[in-house]
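This report refers to the structure that appears directly beneath it.
The values are calculated or read from the model by the stated rules, or taken from the named source; none is laboratory data. What you are looking at is a predicted structure, and each value in this text was computed from that prediction instead of being measured. Backbone-built Cβ (ideal geometry, glycine too); neighbour counts: all protein chains shown.
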Amino acid sequence: MQNYRRMRNIPAKLLFGLCLSLVFAPAARANLEGTPTQNFNPTSSGMDFISVHSSETLKPGVANFGFFLNYAVNSLPYYGASVQNKLNFNDTLLSADLNFGLGILRNLEVGLSIPFLLAQSVSDVSVSHGSFGALGLSEFRVLSKYRLWNAATQGLAVVASMNFNRTTNEPYTGAGLGGGPTLNLQLAGTTLWKGIVWGANVGHRWRSPGEPIAGVPVQPLGNQLIASVAASHLLEKLDTKLIVELLSGLPTEDSGPDPARSHASLELLAGLKHDLSQNLSGHAGLGTQIVNGIASPDWRVYTGINWSLGPLFSKPENEKIVDSDSSSRLIIRSILFEFDSDVMTGDYDRALDVLFEEIKRLRDYREIIIEGHTDSRGSAEYNVALSEKRAQAIKRTLIEKYRMDPKTLTAVGFGAAMPIANNGNYQGRQANRRVEFKIVRRK
């Protein structure tokens, strides 16, 4: 029997301290990247899908923290005749992933993922197989994503990540720590079609395998093509997303015969993402292998959370749009409101000063229409009423503070009827909770 040995059996307190010390460093992961016993890799950004990368990047100063648990059945390799199948549970692995993502620039984000093994069971010990010799940290994964192109409903990004293995004597990576780090480079594309967000990732994985382990009938893996597709649909009335993913890997180098599993991999994931609050979302779902490949279990159950906040160091930008010769539109993103309230918070004084200066510059305006907008959380009737209350609150401020003529001001609430971003993630909902001012000029 071949055991995978850890470099360190990290105590809980030391592991917790290590996670805290690394959580603000650049890093992350991508699909089909990890130890060859694990290809469930939640993204560090927490947007759109589970382990398939979205083309959207975290906005500057927006941070996402994720914690996922996944329970995999029959994912360890057996080197002889085994009764391992979908009805016979020979082994189980309980793993956790701690993720952190941060938007740095307008089109650039970085991330860090720290996976570790929590529990293991092996029931069939009559056949030679691979198993872990100790629990603990398995690797670090660091990532950067740069958005190349973005349109209203489509986008394309390049994702680069590296894996730093911390598991020793793993047959598919090689003796010791299994050579050097692994580099993954992918293109990530998304599009919105018929109310569904579709995503696809395609790229290459360059491995640096170590030497084969003596006495083990498995060669370390070589390079791979990696590809995945995904679809997500938001059920707005339930604040819940349906997410389906298909993850695959195909070797580009011959690693020799393998009595255990195919070196190709194909796994199907399906799950739900429910928004528990404005900042917090919960995940749960199932997975199964389609090809009996490396790291693809017969069954997988996962659950997790993503907690997003910010922007921490970058203020939202106001946008000025010229609608026509007779009007212009100013979108204010820095006027925020207390939850379920029309009480303004944030940097609204500066935002209203900007609006007032624009009005003074135009001078010849005939009417200013104050439009309130919300995200999709809550009923349509409630959101329309709330957005109108907030528009009325701004109207009162313009009258009381800036002495504007009430006859030139009109407050309207549109609720969630006119989104400008995806309501299925934190920063999309944040963008949709906005105020727009339509300045109608005299003809």
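Here are a few things to note about the model shown:
- Among the residues of region 379-406, those that are under 24 Å from Met418 (Cα atoms) and among the hydroxyl-bearing types (Ser, Thr, Tyr) comprise Ser379, Tyr382, Ser387.
- The single residue among Ala416, Ala411, Ala431 that is surrounded by 18 or more Cβ atoms within 10 Å (Cβ to Cβ), touching a helix residue (DSSP H, G or I) at 6+ places or on another chain (Cβ under 8 Å) and within 28 Å of Met47 (Cα to Cα) turns out to be Ala416.
- Wholly within region 150-206, strands (runs of 3 or more DSSP E) carrying at least 2 residues that are farther than 19 Å from Val110 by Cα and of a type outside the set (S, T, N, Q): 182-193, 196-206
- Restricting attention to region 80-130, the residues being polar (S, T, N, Q), out of contact with any Asp or Glu (no Cβ under 9 Å at 6 or more places or on another chain), in contact (Cβ under 8 Å) with a residue 60 or more places away in the chain and not in a strand (DSSP E or B) number 1.
- Taking the listed residues Leu247, Leu266, the one that is farther than 30 Å from Gln427 by Cα, at pLDDT 90 or above and in a strand (DSSP E or B) is Leu266, with no other qualifying.
- Close contacts from region 429-442, counting a first residue that is closer than 20 Å to Leu309 by Cα and a second that is among the charged types (D, E, K, R) and at pLDDT below 80, with Cβ to Cβ under 8 Å and a gap of 6+ residues or different chains, come to Ala431/Arg333; Arg434/Arg333.
- Checked against (1) modelled with pLDDT under 85; (2) part of a strand (DSSP E or B); (3) exposed (fewer than 15 other Cβ atoms within 10 Å of the Cβ), Arg361 passes all but condition (2).
- Residues that are more than 19 Å from Ser277 (Cα to Cα) and modelled with pLDDT of 90 or more occur in region 414-423; there is at least one.
- Condition broken by Gly101, with the remaining ones in (1) closer than 20 Å to Asn64 by Cα; (2) surrounded by fewer than 24 Cβ atoms within 10 Å (Cβ to Cβ) satisfied: (2)
- Selection status of Glu381, surrounded by fewer than 16 Cβ atoms within 10 Å (Cβ to Cβ), within 30 Å of Asn279 (Cβ to Cβ) and in contact with a Ser or Thr (Cβ under 7 Å, 6 or more places away or on another chain): no
- Pairs with Cβ under 8 Å, 6+ apart, first in region 204-218 and within 18 Å of Asn163 (Cβ to Cβ) and assigned by TED's automatic domain parsing to the domain that holds Leu185, second charged (D, E, K, R) and assigned to a loop (DSSP other than H, G, I, E, B): Arg205/Glu33
- Here Pro212 does not fit the description of being buried (at least 18 other Cβ atoms within 10 Å of the Cβ) and of a type outside the set (Ser, Thr, Tyr).
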